[in-house]
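What follows is a set of notes on a single structure, which appears directly below.
The values are calculated or read from the model by the stated rules, or taken from the named source; none is laboratory data. These numbers come from a predicted model, not from an experiment. So basically every Cβ, Gly included, is an ideal-geometry build from the backbone, and we count neighbours across all protein chains shown.
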Amino acid sequence: MMRQEHGELVVVTNGQGLVLVTGQVRHWVESTGIADGLLTLFCRHTSASLLIQENTSETARDDLERYFRHIAPESDRYAHAEEGPDDMPAHLRTALTGVSLSIPVVGYRPVLGIWQGIYLFEHRRAAHRRRVAVHLIGE
């Protein structure tokens, strides 16, 4: 019989960078009792995003963070700067990476490749408490 569960994960960040949330997501999925289905994650912010990325090499994550600082640098050229010089670059980085993920669930676990991890990508310099809505439909 098809069921659905929903909830929210809180992710604490220490400023800009990738925060691995795979463990939190797996724990939540297992707690639902839904063995097989489709998981949706949705970041409820405009200056942080979600992505699936390499989960074993720190240099891959460093390169990714450096790349986004390069293509959306802090600058005085942006009109939108109400919250500081990292405000508009954070919005640009979010637009380029996205705020939602859909992941199959099989056997009470998100189906990820061996090298994949689920990350919240914090684009602001200050620490934040980010909220991620989670929804799982299946049986």
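Quick notes on this structure:
- Looking only at residues of segment 1-29 that are of a type in the set (D, E, K, R) and either surrounded by fewer than 14 Cβ atoms within 10 Å (Cβ to Cβ) or under 13 Å from Ile118 (Cβ atoms) (or both), we find that the one that is farthest from the chain's Cα centre (by Cα) is Arg3.
- Looking at segment 84-139, the strands (runs of 3 or more DSSP E) lying wholly inside it that each contain 1 or more residues that are polar (S, T, N, Q) sit at 100-106, 116-122.
- Within segment 45-61, considering residues that are of a type outside the set (A, V, I, L, M) and closer than 18 Å to Leu96 by Cβ, the one surrounded by the fewest Cβ atoms within 10 Å (Cβ to Cβ): Thr46
- Residue within segment 51-73 that is aliphatic (A, V, I, L, M) and in contact with a Cys (Cβ under 8 Å, 6 or more places away or on another chain) present: no
- Among (1) of a type in the set (S, T, N, Q); (2) at pLDDT 95 or above; (3) not in a helix (DSSP H, G or I), the one test that Ser31 misses: (3)
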